[in-house]
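Have a look at the structure below before the remarks.
Taken together, the values in this text are just the output of simple stated rules run on the coordinates, not laboratory data. Quantities reported herein were computed from a predicted structural model and do not represent experimental measurements. Here the Cβ positions follow ideal geometry from the backbone for every residue, glycine too, while neighbour counts run over all protein chains shown.
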Amino acid sequence: MSNALENTAETYTKHIRLIMISAIPAVIAFLIPVFASFPTYNVLGAVFIRTASIFANLNVLNTAVIVASVFFSLLFLSFAIVAINVVVKHSRTYTRIRQEVVMGLEKYTSRVFVVLLAFAAIVVLTDIVASGTGYGGLATSVVGLAATPFFFYAPASIVINDNKTGRAVTAGLRFFFKRFDYVLMWLVIAIAATSAFDELFIGLFGPPLAGYALLIFDSLFILPFLIVLQSECYIKSVPMLRR
């Protein structure tokens, strides 16, 4: 695990400018729900939808806004994830990011978008089905947690191994359980980083400004680091790229 963390720190610091540029679409992705006219709340630098409010006030216009906002948000997020993974891949193969790789971003982005859209659809459909039972929040959390292993490493598998969506999900699922220690490490670092900077930003700016400042900071610095860490961990499943 320490080797994966060292590789992550090396890749992140060495390519920080390129990674930050790649992360700009992630900023856009998280700001879209904030400025769209449907209920959201901001916690630990992330945007969440108030699903109970949606069901209470849903109409044709609100539905169209929600669908369009989620669609474009996931699209921008997919591009950011792919771009950062490409940086990691080529830093490990010691090759330049050539024009054909840049042209391939469209292919990778479309595959990652399908993965993210499928995960979002599973969670939303669960919430819709369970909304009248009084256990919508619990059911959504349980289903989202159960679905996570299928999608956690899929974006990295798509870019690192050039896998198609179905094969990427399968390969990512195998590695998720094979090296669950990497998942725990990633989770601990994610919680520690977001919690620490949340306290710092609240102290500096105070609510609610701190939430939006942290959202931008997390999108530019924390999320890219976590994506790099995720990719560096998954690379351990590729013998030719291990080090």
Ranked by Cβ crowding within 10 angstrom, fewest neighbours first, how are THR133, THR8, THR148 ordered? THR133, THR148, THR8
Packing-ranked peptide list from 207-216, 158-167, 185-194, highest mean Cβ count within 10 angstrom first, is 158-167, 207-216, 185-194
Measure off 7 Å from each Cα along the Cα-to-Cβ vector at PHE177 and LEU125, then give the distance between these two points in nanometres to one decimal. 2.2 nm
Sort VAL86, VAL112, VAL238 so that the residue with the fewest other Cβ atoms within 10 Å of its own Cβ comes first and the one with the most comes last. VAL238, VAL86, VAL112
Where a ≥ b ≥ c are the square roots of the eigenvalues of the C-alpha gyration tensor, would you call region 119-228 rounded, which needs a/c under 1.5, or, failing that, prolate if a/b is larger than b/c, or oblate? oblate
Near LYS14, which aspartates and glutamates are there with a Cα under 13 Å away, not counting those fewer than 8 places off in the same chain? GLU6
By Cβ neighbour count within 10 Å, fewest first, LEU223, LEU138 rank LEU138, LEU223
In the neighborhood of ILE191, defined by Cβ-to-Cβ distances under 14 Å, what is the net charge if each Lys or Arg adds +1 and each Asp or Glu adds -1? -3
When the chain is fully extended, how far beyond the present Cα-Cα distance does THR63 get from ILE191, taking 0.36 nm per residue of separation? 42.8 nm
